[in-house]
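Shown next, in structure tokens, is the structure this report addresses.
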Amino acid sequence: MKMSRCILRKVGGQLKRTSEKQGFVQGAMILMIGTMTVKVVSMLFKIPISNLLGGTGYSYFTNAYEIFNLISTIATAGFPVAISKLVSENGVLGNYRDNHKIFRISRTFFLITGLLCMTVMILGAGSFAAMIPNPGAKLSIICLAPAVLTCCLMSAYRGYYQGMQNMYPTSISQIIEAVTKMIFGLGFSGGVMYLTQREYSLHATVLGRSYPSPEQAQAVIAQLASGAAVLGVSLSTAAGLVYLMLRWRKKGDGVSQQQLMHAPKPQDSSILLKRILVIAIPVCLGSLAVNLSGIIDLLTVTGRLSHVMDTAPQQLLACYGQNIPQAELVNGTVHNYLYGAYSGKAVVIANLVPALTTGMAVSALPAVAESFARGNRLRTQKSIQMVLRITALFCVPAGLGISALSQEVCSLFFGMNNEVMIGAPLLRVLGLASIFIALTGTTNSLLQAVGRVSLPVKLILIGSAIKLAMNYLLVGIPQLNIQAAPWSTLVCYVVITLLSLIALRSTVGPLGAFGVFGKPLLAGLLCAAFARLTQNMLMQVTASRFAVLLSAAVGAAVYLVGLLLLRALKKEDIMMLPKGEKMAKILEKYSLLG
């Protein structure tokens with residue numbers, strides 16, 4: 001997405017807009033910084049909440065989130081994009097009254113769909129929890145339902161402001177969400193955990209109801225604490241919405257009364273709504289396809305694990321020794337505990353890698369689409385190569401490093417406990433998968449930019465079909481159980497990435513695979529190897545879990561040296577850095593740039 005600052009100028013007696021636009025790389029860096037800020041705050045929430053709730057409690061939390069993601073995707077995905085596109089086009093033409101009408105229509109539409117989806121989520125909570133199957137997640141699903149309504153309404157504001165090329169309201173509201181979620185999610189959950197555990201220790205009751213064993217009481221407490229945590233999440237989305245509403249009331253959208261007076265008469269509401277839906281529905285389908293991987297895990301993993309525990313429990317338990325607490329065996333929640341270790345430890349860390357490159361995917365689309373529309377094949381090809389190369393430069397070392405240091409990274413974030421012992425081997429595979437997940441996000445945007453709009457959906461459906469089959473067949477094998485889930489994710493995204501690259505090559509020509517992927521891969525392998533060797537040596541002299549930071553620093557230094565020796569970096573890569581021109585001259589002097 002090209003970031004720009006809009007300036008009003010008077011041309012021929014009419015107010016018009018010009019833009020000071022940044023290149024897509026600079027825009028990507030801005031978006032990346034904003035995304036990582038939110039991710040850091042989110043990790044400060046997810047790490048302690050995962051430790052607080054434990055494996056089973058966190059499985060309730062993540063299951064509720066996955067149901068929420070599915071429903072909110074159906075309710076909102078594609079609409080902010082559609083609103084943004086139409087508002088941007090109308091702004092160029094001076095159709096400001098159309099824009100205000102689009103905003104009013106979208107806000108009313110989202111209010112209705114948000115209320116409907118919230119009602120479905122509340123009334124269907126029991127059915128959703130049984131379908132997963134994880135009945136203990138019912139309360140968490142209900143407590144998260146209000147967030148669907150507030151997220152729907154926020155989409156109207158965010159889409160409108162983005163169309164006006166003002167990214168600050170979206171970014172600030174996201175940061176407000178993240179901070180509020182951290183404070184109230186942890187506060188509510190910790191408070192409920194403390195009060196209910198204290199009640200049980202004094203009276204052997206939880207909320208006035210007696211339970212014969214501590215394990216049964218703890219199972220109920222985990223459900224209540226998870227529900228309290230997601231209630232904090234619902235409150236955080238309300239805080240983000242309140243900020244956007246107050247900002248709109250105080251500052252509006254920057255369009256003056258004079259501009260509105262000179263604007264043409266707005267189109268009919270039905271026409272504007274139809275234009276929104278024509279753009280939004282295909283994007284919504286694409287978003288659903290992207291979420292299919294998580295949905296497949298949600299619908300298959302716990303069910304297949306439950307089947308294994310019913311048919312061959314000893315074979316499954318033998319894989320984990322003493323890492324499964326006795327309480328989970330007593331309560332029959334081993335399948336939830338394993339899924340919580342997978343989704344709450346391995347998946348959370350692996351998802352940091354695609355977050356590094358999200359901004360690149362968003363920023364690349366309009367720049368590549370512009371050159372492709374003009375028929376400039378060479379420029380399109382060069383732009384695609386640059387986008388893929390920069391994506392690889394970030395995601396390859398991150399994914400390989402996480403894979404090489406999976407146990408150490410897990411314990412750095414979550415401490416050393418039973419769930420980390422289960423989650424670390426899963427992260428080793430998910431670290432590799434995260435590279436291809438990041439590349440899939442970028443290739444999807446590039447395919448859309450060159451006119452292959454429907455192809456990403458088809459490719460993701462192919463990959464998801466493979467994942468569904470692998471999950472069902474392999475997770476049901478007692479010796480493999482949940483360890484098969486990250487492998488199915490890896491195969492799924494490898495297939496999608498390869499098919500996407502083949503499609504891009506057939507559309508724009510050769511992509512320069514060695515320069516784009518080969519050099520970052522070689523340097524990334526060196527990075528991972530040296531990081532692992534350093535960690536092995538440090539383990540001989542210190543047991544500190546923070547030693548992994550030094551190992552990662554050594555790996556990063558080796559990676560940078562490897563990139564320079566392989567001449568994997570280009571001048572334009574360096575120029576986007578602070579004092580990049582000076583650095584580029586030095587590197588050119590020693591022939592270290594490609």
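The values are calculated or read from the model by the stated rules, or taken from the named source; none is laboratory data. Just so we're clear, the structure is a prediction, and the values are computed from it rather than from any experiment. Don't worry about glycine lacking a Cβ; one is built from the backbone with ideal geometry, like all the others, and counts go over all protein chains shown.
Summary table below
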| item | result |
| --- | --- |
| Tally, over segment 56-88, of residues that are over 21 Å from the mean Cα position of the chain (by Cα) and either part of a loop (DSSP other than H, G, I, E, B) or over 24 Å from Leu116 (Cα atoms) (or both) | 6 |
| Residue match in segment 571-578 (condition: part of a helix (DSSP H, G or I), in contact (Cβ under 8 Å) with a residue 60 or more places away in the chain and more than 29 Å from Val409 (Cα to Cα)) | yes |
| Residues of segment 120-150 classified as in a helix (DSSP H, G or I), of a type in the set (Gly, Ala, Ser) and touching a residue at least 12 places away in the same chain (Cβ under 8 Å), total | 7 |
| Test: residue in segment 152-162 that is modelled with pLDDT of 90 or more, among the aliphatic types (A, V, I, L, M) and closer than 17 Å to Ala75 by Cα | yes |
| Among (1) over 21 Å from the mean Cα position of the chain (by Cα); (2) surrounded by fewer than 19 Cβ atoms within 10 Å (Cβ to Cβ) - the single one Tyr168 does not satisfy | (1) |
| Residues of segment 169-192 classified as under 18 Å from Val41 (Cα atoms) and free of Cβ contacts under 8 Å to residues at least 60 places away in the same chain, total | 5 |
| Options Ala568, Ala553, Ala531, Ala557; residue that is assigned to a helix (DSSP H, G or I), in contact with a helix residue (DSSP H, G or I) (Cβ under 6 Å, 6 or more places away or on another chain) and of a type in the set (Gly, Ala, Ser) | Ala531 |
| Among (1) under 20 Å from Gln322 (Cα atoms); (2) of a type outside the set (Val, Ile, Thr); (3) surrounded by fewer than 24 Cβ atoms within 10 Å (Cβ to Cβ), the one test that Ala484 misses | (1) |
| Some residue of segment 34-41 being farther than 30 Å from Gly254 by Cα, under 21 Å from the mean Cα position of the chain (by Cα), part of a helix (DSSP H, G or I) and modelled with pLDDT of 80 or more | yes |
| Top-ranked residue of segment 518-556 - restricted to ones that are farther than 19 Å from Ser406 by Cα and surrounded by fewer than 22 Cβ atoms within 10 Å (Cβ to Cβ), ranked as modelled with the lowest pLDDT | Val541 |
| Residues located in segment 237-259, provided they are free of Cβ contacts under 8 Å to residues at least 60 places away in the same chain and in a helix (DSSP H, G or I) | Val242, Leu246, Arg249, Lys250, Lys251, Gln257 |
| Val494 farther than 20 Å from Ser343 by Cα and at pLDDT below 95 | no |
| Members of segment 108-165 that are basic (Lys, Arg) and under 28 Å from Ser84 (Cβ atoms) | Arg158 |
| Residue under evaluation Tyr58, criteria (1) modelled with pLDDT of 50 or more; (2) in contact with a strand residue (DSSP E or B) (Cβ under 9 Å, 6 or more places away or on another chain), criterion not met | (2) |
| Some residue of segment 571-578 being within 25 Å of Val450 (Cβ to Cβ) and either in contact with a Lys or Arg (Cβ under 9 Å, 6 or more places away or on another chain) or among the polar types (S, T, N, Q) (or both) | yes |
| Criterion violated by Ser236 - all others in (1) of a type outside the set (D, E, K, R); (2) over 30 Å from Gly332 (Cβ atoms); (3) in contact with a helix residue (DSSP H, G or I) (Cβ under 9 Å, 6 or more places away or on another chain); (4) surrounded by fewer than 21 Cβ atoms within 10 Å (Cβ to Cβ) satisfied | (4) |
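Residues are listed down the side, and each one gets a yes or a no for (1) closer than 30 Å to Asp297 by Cα; (2) free of Cβ contacts under 8 Å to residues at least 12 places away in the same chain; (3) aliphatic (A, V, I, L, M):
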| site | (1), (2), (3) |
| --- | --- |
| Thr489 | yes, no, no |
| Ile502 | yes, yes, yes |
| Arg505 | no, yes, no |
| Gly509 | no, no, no |
| Gly512 | no, no, no |
| Leu522 | no, no, yes |
| Cys527 | no, no, no |
| Ala553 | no, yes, yes |
